[in-house]
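Colleague: Input: one structure, supplied below.
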Amino acid sequence: MSAPAEGPSPALRAHAALLGAATIWGSFFPLISVLLRTWDPFANAAGRCVFGAGVLLVILLVRHGRAAFGGPLPWRRLLLLSSGGLVVFNIGTSLGVAHAGPVSAALVATVNPVCAAFLAWAMQGTVPRRSVFVATAFAVTGGAIVALSKGGAAGFRGGEILILVATTAWLWYSIKVSTWMADRPQAQLMALTYGLAALMLLALLPLLGAAGVSTMAVDTSPESLGLMLLIAVSSVAMAVNLWLYGVRRLGVTVGAIYGNLVPVFAVLVAIPLGTAPRPLEIAGGLVILAGVLIVQFGGRKRP
């Protein structure tokens, strides 16, 4: 009798998980761009938080039941994480995609390793390697080329800068979650912080509408709401779990390499949705990618 066939190795599953996370996050920017055709950016940010919080709450209750809310909770820190991290991230992402386009937004978002190095310097006193400063020059040059793809200074509307702000807010949130409340379940922290961010954004929308900043445009068609739910399930719930599964087995360095594929998948998804990349966007993206590779591998001692 033959032995049963063995399944994929843990390493192969981890690689597949990281590839899946990069694919999902690559589709994130084009799908937001589709929603922004009928949604105001601020309403879009609030909607993504509301749907994301709902999905994360269901996951939390399935995993932990009523015990998920047992015991005292550090509400002050949760409020700081929600406001300074998730609210800024979601608003910055919506406005960034609206003003830069999905391809440019995905390209600029790949500077995560560079932003993380400077954020660690500011928050933890960890002086960046020399390669980080070289990579910063590449990132700035590549970002300028991407901005020029829209017709020079006249076509630049600050979307790329807003994506950098959103990226920094997400990194700050990620660092503080791990240092402030490392003893708490991740599902609990994600559900609570996303829930608080959703409440903050819902309270902020009427004020922005009264001030004339937001048009309060909301698309309640089944197709639009279904797309919002798809983003919440895929980008908020599935991609984060796939990412954590992969990096726990292969390390953050390997995970960051897969993260560099995000703009590739963004372009592949954006083309059938009607957004083809411009030649200068591709050129600027290659320069940014070169800088990211420098910060990941530059200055490291060979074993």
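Colleague: Could you say whether any residue in region 1-10 is surrounded by fewer than 17 Cβ atoms within 10 Å (Cβ to Cβ), at pLDDT 75 or above and not in a helix (DSSP H, G or I)?
Modeller: Yes: one or more hits.
Colleague: Being in contact (Cβ under 8 Å) with a residue 12 or more places away in the chain and surrounded by fewer than 18 Cβ atoms within 10 Å (Cβ to Cβ) is the requirement here; does R77 meet it?
Modeller: yes
Colleague: Name the single residue that is modelled with the lowest pLDDT among those in region 18-41 being crowded, with 23+ Cβ neighbours inside 10 Å and more than 15 Å from V269 (Cβ to Cβ).
Modeller: Among residues in region 18-41 that are crowded, with 23+ Cβ neighbours inside 10 Å and more than 15 Å from V269 (Cβ to Cβ), the one modelled with the lowest pLDDT is L18.
Colleague: Now for a separate question. Condition first: part of a loop (DSSP other than H, G, I, E, B) and modelled with pLDDT under 85. Now tell me which residues in region 216-262 satisfy that.
Modeller: Residues satisfying the conditions are M216, G251, N260, L261.
Colleague: Hey, can you tell me all the residues within region 62-99 that are closer than 17 Å to V236 by Cβ and among the charged types (D, E, K, R)?
Modeller: Across region 62-99, the qualifying residue is only R63.
Colleague: Looking at region 189-209, is at least one residue crowded, with 19+ Cβ neighbours inside 10 Å, outside any loop (DSSP other than H, G, I, E, B) and in contact with a Lys or Arg (Cβ under 7 Å, 6 or more places away or on another chain)?
Modeller: no
The values are calculated or read from the model by the stated rules, or taken from the named source; none is laboratory data. All figures in this text were calculated on a predicted structure; none of them were measured in a lab. Counting neighbours? That spans all protein chains shown, and the Cβs are built from the backbone with ideal geometry, glycine included.
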